[in-house]
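Every number in this text was worked out from the coordinates using simple rules, so none of it is lab data. Values in this document were obtained by computation on a predicted structure and should not be read as measured data. Cβ: placed from backbone, ideal geometry, glycine included. Neighbour counts: every protein chain shown.
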Amino acid sequence: MSRLQIFLESMDENEILKNGARDCAPLRYWGKGAVTLLGDSAHPCRPNLGQGGCMALEDAVILAKCLGSGLPIEAALPRHESLRFHRTKHIQQRSLVMGYTGQWQAPLSLTVAT
């Protein structure tokens with residue numbers, strides 16, 4: 001028996017904190033007027049692809065370009081949103097699929113493997 005198994009078996013089931021991941025459908029609008037959302041607040045996704053932080057950095061770069069383009073802020077923010085929406089939606093959906101795939105139960109994987 002591994003040390004991890006020993007550790008897990010020594011724990012009281014009632015002391016284990018379990019938090020399921022919650023999914024959020026892609027938001028169609030991230031802001032209004034001079035206010036917008038970035039990163040996980042605009043397009044939360046499961047960590048299955050490791051893209052959450054990357055998408056936030058991409059948001060920041062594209063937002064900086066939009067704000068520096070000379071457009072008024074009320075036009076620059078929707079422009080940023082339109083440039084980012086399809087990519088972030090795609091990653092959210094891929095992450096969701098990967099999460100479900102990773103949670104398949106053993107009988108299915110055993111059936112496929114044999």
Inset, instruction - State, to one decimal in nm, how far the label point of LEU67 lies from the label point of ARG3, with both points 7 Å from Cα in the Cβ direction. - result: 4.7
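Could you give the dipole magnitude of segment 24-93 about its Cα centre, charging the beta-carbon of Lys and Arg +1 and that of Asp and Glu -1, in debye to the nearest 20?
Numbers: 8 positive and 5 negative charges, 36 e Å.
The calculated dipole for segment 24-93 is roughly 180 debye.
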Inset, instruction - With unit charges on the beta carbon (Lys/Arg positive, Asp/Glu negative), name the residue among GLN5, GLY33, PRO47 whose Cα is farthest towards the positive pole of the charge dipole of segment 1-74. - result: GLY33
Legend entry - Ranking of GLU58, GLU15, GLU74, GLU81 by count of other Cβ atoms within 10 Å, fewest first: GLU15, GLU74, GLU58, GLU81
Inset, instruction - Give the order of HIS86, HIS43 when sorted by the count of other beta carbons within 10 angstrom, beginning with the fewest. - result: HIS86, HIS43
Legend entry - Translational diffusion coefficient (Stokes-Einstein; Kirkwood radius from C-alpha pairs) of the chain at 37 °C, 0.692 mPa s, in µm²/s: 192
Inset, instruction - Note down the nm distance, to one decimal, between modelled labels 7 Å out along Cα→Cβ at ILE16 and at ASP40. - result: 2.3
